[in-house]
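Okay, structure first, notes after.
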Amino acid sequence: MNLRGRRVLGQFIASLVLLLLLALHAGGLYRLGFVDRLEAALYDLKVLLFQDRSADDRVVIVDIDEKSLKEVGRWPWPREQTARLTRNLFEQYGVAAVGFDVVFAEADQSSGLPVLEQLARGALAGDTGFAASLARIRSGLDYDGMLAEALAAGPSVLGFYFNVLPPAQRVGQLPAAVLDCAELRGLGVSPVRAEGYNANLPRLQARAAGAAFFNMEADFDGVARRMPMVIEHAGGCYGSLSLVTTQAGMGIGAARTQPGAGYRPPALDLDGLRIPLDAAGRALVPYRAEQAFPYLPATDVIHARAPAALLEGRIVLIGSTAPGIMDLRVTPVSKVFPGVEIHANLIAGILDGTVKWEPVGSTGLQVAAIVVLGLLLAVLLPLATPLWAALAALLLSILLVAGNFYAWTAAHAQLPLAAPLLTVWGLFVLNMSWGFFVEARSKAQITRLFGQYVPPELVDEMARDPARYSLRGESRVMSVLFSDIVGFTSFSEKLEAAQLAEMLNVYLSAMTRVVQEGRGTIDKYIGDAIMAFWGAPMSDAQHARDAVLAALAMQAELERLNPVLEARGWPPVKIGVGVNTGRMSVGNMGSEFRMAYTVMADAVNLASRLEGLTRQYGVGVLVGEATREACSDIACQLIDRVRVKGKAQPVSIYEPLGLAAELSPERAKEAEEFAAAFADYEARRWDEAEIRLMELSRRQPRKLYQVYLDRVTHFRFNPPAADWDGVFTFTSK
């Protein structure tokens with residue numbers, strides 16, 4: 001077979017491999033994460049392109065907003081305020097139904113009635129005057145009773161939530177189930193099963209027209225695209241807030257099940273209003289534009305200031321957008337979306353019949369499309385010119401997208417699009433770029449791409465298998481190092497510009513040599529600072545250990561370098577080094593004008609913060625907890641538990657002392673004594689901690705010990721709060 005034949009055969013085999021992977025994904029036998037992410041992005045794009053942008057006043061959200069909290073008080077309110085809100089909605093404004101996106105699981109004791117009743121049974125049991133007075137005012141102090149009566153004034157739907165995972169706590173009283181789950185299972189629908197629940201007080205549930213769960217669900221990427229319409233508990237299927245509130249608002253009787261027909265899936269039937277369900281009893285949310293529904297402050301309804309025309313005959317949902325109590329979700333239309341508005345979108349979609357549905361058998365159709373299109377392209381593309389191949393791929397893509405969009409808009413059907421599109425463009429890219437990626441230029445490319453980042457010996461090693469390496473962005477668990485000269489500003493003022501440049505060249509060369517000898521990748525120089533990482537482009541199973549040993553080696557190299565600097569009339573150098581380990585994005589990043597192979601992630605930022613903290617404690621190297629856990633043979637001393645600027649979660653920081661097998665007994669004993677002093681400090685045993693620290697400081701004066709002596713002195717006269725967790729918060733970098 002000639003060279004062209006081998007190339008075409010190679011392209012065909014590679015195309016078949018790609019088709020196999022996509023077909024396995026489409027058939028659900030093997031998941032490709034990037035295809036799922038692309039499918040989710042395309043779904044979100046369709047939602048945004050075709051969303052209804054008109055206002056919808058059939059559903060009104062009564063909002064427990066900041067204005068309401070300012071006028072009525074902080075949440076939760078006394079139930080008499082909620083009762084007043086509910087009664088006004090029914091009796092003064094004539095709403096069709098009220099759904100609560102809150103749960104009333106505990107009795108309201110804010111009126112003091114329980115205390116008065118206890119006095120009547122105890123200390124004042126024989127006081128007939130007190131008993132008579134209590135009987136007169138009891139109804140005015142029974143806030144739960146007031147709310148119960150208000151709920152009975154109209155079609156009210158209380159909210160509750162299910163606990164899908166253990167522990168199976170069961171609080172309050174559930175309503176009657178809307179369906180026998182056996183009916184749905186007979187149609188191929190198996191709703192999520194709940195272990196427990198947090199429901200409303202029995203006396204409230206008894207007076208309400210119904211109750212519904214407000215559990216929500218997010219996809220793998222945290223985006224809320226579909227919501228459970230029913231959840232199973234003890235054999236019964238309970239309805240969602242959107243489902244039950246729609247029933248109440250429209251005066252619809254019990255929901256019925258409707259079997260699938262043709263490509264249409266099973267559904268719930270509300271007197272002709274059809275809600276398509278997926279195999280788990282969920283429905284796709286037909287999102288409108290943000291704030292398509294009117295919002296009214298709850299305080300305006302309580303004080304009868306709301307416009308009656310906006311509420312009469314409407315379905316009302318009571319929820320919150322006030323900071324601290326609002327339920328925020330990530331949705332296709334917004335990354336900050338009130339949960340109560342998701343229920344409103346579903347209600348509107350049920351009323352309009354616009355709830356999207358996924359055709360039964362769409363998996364088989366998708367696999368068939370991939371196989372037919374893929375085989376056709378796998379045969380034709382290796383023989384076509386780049387121009388004709390591009391035109392064919394573009395035409396097929398337009399047909400796929402147009403058909404998919406038509407199904408979405410005309411039939412409200414959600415068809416998968418990512419895998420068929422990837423079939424077309426994946427085969428196109430594969431065939432057009434085959435020669436570039438597979439042939440002889442690979443080794444030269446590796447040398448050109450990575451020669452400026454890693455030592456020559458690693459470039460040679462990478463060139464033996466160039467297919468494993470690229471500058472494309474990827475996510476890896478890696479280790480990153482930051483080093484900086486302490487007091488560089490005052491340091492630089494002592495030297496002329498030419499001397500400073502020469503000194504920095506000597507210093508950076510020495511430190512770079514240490515990093516590269518430790519198999520590290522130099523990321524960049526930032527003035528006098530060095531940033532390096534381990535674990536890319538070459539994998540390194542011991543990246544954390546190598547990074548820490550390099551940090552210690554840098555400090556050791558300074559002991560050799562400083563006499564050389566002083567001999568040339570330059571001041572000695574002292575550096576701080578921070579090392580951290582975590583998942584990072586690594587790859588070629590930048591702009592069209594300049595790119596750099598670098599890492600980015602929160603773990604990288606923490607490494608930089610650790611470098612800065614070395615000055616606070618007077619230590620040479622600090623490492624994060626993940627780094628310390630990955631270096632079992634390196635002795636580390638816990639320095640502190642801190643909250644660094646920009647992070648809410650506390651982190652433990654450690655000073656690496658060296659290889660445990662090589663650590664001197666004296667240094668090991670000193671570390672043990674400081675650990676004991678730190679334990680006393682955390683336990684608020686100030687005297688014991690001070691004695692240990694003073695003894696340590698006497699034998700080995702270190703800034704670290706003085707830092708804790710100062711803290712002990714401060715806390716002795718200014719004791720920390722009762723819930724103090726021992727964490728020290730830094731407010732600057």
For this session: Please enumerate the residues belonging to region 24-50 that are surrounded by 17 or more Cβ atoms within 10 Å (Cβ to Cβ) and modelled with pLDDT of 90 or more.
Result: V35, E39, A40, Y43, D44, K46, V47
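Residue-by-condition table, conditions (1) within 29 Å of L663 (Cβ to Cβ); (2) out of contact with any Ser or Thr (no Cβ under 6 Å at 6 or more places or on another chain):
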| residue | (1), (2) |
| --- | --- |
| F593 | no, yes |
| V599 | no, yes |
| V604 | no, yes |
| A607 | yes, yes |
| V623 | yes, yes |
| A626 | yes, no |
For this session: Looking for whichever is touching a helix residue (DSSP H, G or I) at 6+ places or on another chain (Cβ under 8 Å), farther than 21 Å from Y708 by Cα and aliphatic (A, V, I, L, M) here; the options are A607, A635. Which one fits?
Result: A635
Exercise. Of all residues in region 43-76, how many are in a loop (DSSP other than H, G, I, E, B), small (G, A, S) and under 29 Å from Q109 (Cβ atoms)?
Worked result: 1
For this session: Taking the options A419, A411, name whichever one is in the same structural domain as Y43 (by TED's automatic domain parsing), surrounded by 14 or more Cβ atoms within 10 Å (Cβ to Cβ), modelled with pLDDT of 90 or more and touching a His at 6+ places or on another chain (Cβ under 8 Å).
Result: A419
Seminar exercise, completed: So, first residue at pLDDT below 95 in region 555-570, second residue of a type in the set (S, T, N, Q), Cβ within less than 9 Å, six or more apart or across chains; the pairs are R568/Q499; G569/Q499; W570/Q499
Problem set entry | Of all residues making up region 532-554, the number that are under 18 Å from L504 (Cβ atoms) and surrounded by fewer than 22 Cβ atoms within 10 Å (Cβ to Cβ) | 0
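Does region 653-667 contain at least one residue that is more than 28 Å from A553 (Cα to Cα) and touching a Phe, Trp or Tyr at 6+ places or on another chain (Cβ under 9 Å)? Write out each step before concluding.
Of the residues in region 653-667, the ones more than 28 Å from A553 (Cα to Cα) are none.
Taking every residue of region 653-667 in turn, none turns out to be more than 28 Å from A553 (Cα to Cα) and touching a Phe, Trp or Tyr at 6+ places or on another chain (Cβ under 9 Å).
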For this session: Check region 661-675 and report whether any residue there is exposed (fewer than 14 other Cβ atoms within 10 Å of the Cβ), within 39 Å of the chain's Cα centre (by Cα) and not basic (K, R).
Result: yes
Seminar exercise, completed: Flagged pairs (Cβ under 6 angstrom, 6 or more apart or on separate chains; first in region 372-400, assigned by TED's automatic domain parsing to the domain that holds V17; second hydroxyl-bearing (S, T, Y)) are L373/T423; G374/T423; A378/S15
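Restricting to region 225-256, give me the number of residues that are assigned to a loop (DSSP other than H, G, I, E, B), under 13 Å from L184 (Cβ atoms) and modelled with pLDDT under 95. Working first, answer last.
Filtering region 225-256 for residues assigned to a loop (DSSP other than H, G, I, E, B) gives 225, 229, 234-235, 251-255.
Retained after the next criterion (residues that are under 13 Å from L184 (Cβ atoms)): 229, 235, 255.
Keeping just the survivors that are modelled with pLDDT under 95 gives 235, 255.
Count: 2.
Here's the yes/no breakdown for (1) surrounded by 16 or more Cβ atoms within 10 Å (Cβ to Cβ); (2) charged (D, E, K, R); (3) in contact with a helix residue (DSSP H, G or I) (Cβ under 9 Å, 6 or more places away or on another chain):
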{"position": "E149", "(1), (2), (3)": "no, yes, yes"}
{"position": "G154", "(1), (2), (3)": "yes, no, yes"}
{"position": "G172", "(1), (2), (3)": "yes, no, yes"}
{"position": "S190", "(1), (2), (3)": "no, no, yes"}
{"position": "P202", "(1), (2), (3)": "no, no, no"}
{"position": "G222", "(1), (2), (3)": "no, no, no"}
Exercise. For V301, which of the numbered conditions (1) assigned to a loop (DSSP other than H, G, I, E, B); (2) aliphatic (A, V, I, L, M); (3) more than 26 Å from D221 (Cβ to Cβ) fails to hold?
Worked result: (1)
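Do we have E695 as surrounded by 14 or more Cβ atoms within 10 Å (Cβ to Cβ), on the phi < 0 side of the Ramachandran plot and acidic (D, E) here? Even if it seems obvious, please write down each step before you answer.
Details: surrounded by 14 or more Cβ atoms within 10 Å (Cβ to Cβ): no; on the phi < 0 side of the Ramachandran plot: yes; acidic (D, E): yes.
No; evaluated as a whole, the condition is false for this residue.
S362 - would you say it is in contact with an Asp or Glu (Cβ under 9 Å, 6 or more places away or on another chain), hydroxyl-bearing (S, T, Y) and modelled with pLDDT under 95? First the steps, then the outcome.
Numbers: in contact with an Asp or Glu (Cβ under 9 Å, 6 or more places away or on another chain): no; hydroxyl-bearing (S, T, Y): yes; modelled with pLDDT under 95: yes.
Here the answer is no, as S362 does not meet what is asked.
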Exercise. So which of R513, R519 ends up being in contact (Cβ under 8 Å) with a residue 60 or more places away in the chain and of a type in the set (D, E, K, R)?
Worked result: R519
For this session: Run A218 past the list (1) small (G, A, S); (2) outside any helix (DSSP H, G or I); (3) more than 30 Å from the chain's Cα centre (by Cα) and report the number of the one that doesn't hold.
Result: (3)
Exercise. Take the residues of region 573-606 that are without any contact (Cβ under 8 Å) to a residue 12 or more places away in the chain and either assigned to a loop (DSSP other than H, G, I, E, B) or within 20 Å of the chain's Cα centre (by Cα) (or both): which is farthest from M511 (Cα to Cα)?
Worked result: E592
Problem set entry | Top-ranked residue of region 264-298 - restricted to ones that are over 35 Å from the mean Cα position of the chain (by Cα) and outside any strand (DSSP E or B), ranked as nearest to T409 (Cα to Cα) | G272
Exercise. When you look at Y93, is it more than 23 Å from V285 (Cα to Cα) and surrounded by fewer than 19 Cβ atoms within 10 Å (Cβ to Cβ), yes or no?
Worked result: no
For this session: Read through the list (1) in contact (Cβ under 8 Å) with a residue 12 or more places away in the chain; (2) assigned to a helix (DSSP H, G or I); (3) among the hydrophobic types (A, V, I, L, M, F, W, C), then give the number of the only condition that V360 fails.
Result: (2)
Exercise. Is there a residue in region 301-311 that is within 16 Å of V62 (Cα to Cα), within 31 Å of the chain's Cα centre (by Cα) and either at pLDDT below 95 or assigned by TED's automatic domain parsing to the domain that holds T86 (or both)?
Worked result: no
Problem set entry | Unmet criterion (only one of (1) more than 22 Å from R545 (Cα to Cα); (2) at pLDDT below 60; (3) outside any loop (DSSP other than H, G, I, E, B)) for V459 | (1)
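Among the residues of region 540-547, is there at least one that is closer than 19 Å to S479 by Cβ, among the small types (G, A, S), within 42 Å of the chain's Cα centre (by Cα) and not in a helix (DSSP H, G or I)? Can you show your working first?
Of all residues in region 540-547, those closer than 19 Å to S479 by Cβ come to 540-547.
Among the residues that remain, those that are also among the small types (G, A, S) are: 541, 544, 547.
Now drop any that are not within 42 Å of the chain's Cα centre (by Cα), which leaves 541, 544, 547.
Adding the requirement that they be not in a helix (DSSP H, G or I) leaves 541.
Checked region 540-547: at least one residue is closer than 19 Å to S479 by Cβ, among the small types (G, A, S), within 42 Å of the chain's Cα centre (by Cα) and not in a helix (DSSP H, G or I).
Looking only at region 304-345, how many residues end up being among the hydroxyl-bearing types (S, T, Y) and in a strand (DSSP E or B)? Explain how you work it out, then say what you get.
Here is the first cut: in region 304-345, the ones among the hydroxyl-bearing types (S, T, Y) are 320-321, 331, 334.
From what is left, the residues that are in a strand (DSSP E or B) are 331, 334.
Of the residues in region 304-345, 2 are among the hydroxyl-bearing types (S, T, Y) and in a strand (DSSP E or B).
Could you please give the count of residues in region 650-681 that are among the acidic types (D, E) and touching a strand residue (DSSP E or B) at 6+ places or on another chain (Cβ under 8 Å)?
Step one: list which residues in region 650-681 are among the acidic types (D, E), which gives 655, 662, 666, 670, 672-673, 680.
When the remaining residues are screened for being touching a strand residue (DSSP E or B) at 6+ places or on another chain (Cβ under 8 Å), the result is 655.
Count: 1.
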For this session: Please go through region 548-572 and pick out each residue that is part of a helix (DSSP H, G or I) and over 14 Å from V621 (Cα atoms).
Result: E559, R560, L561, N562, P563, V564, L565, E566, A567
Problem set entry | Residue count, region 409-431 (criterion: polar (S, T, N, Q) and touching a Gly at 6+ places or on another chain (Cβ under 7 Å)) | 1
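The values are calculated or read from the model by the stated rules, or taken from the named source; none is laboratory data. Predicted, not measured: the structure shown is a model, and the values here were computed from it. Backbone-built Cβ (ideal geometry, glycine too); neighbour counts: all protein chains shown.
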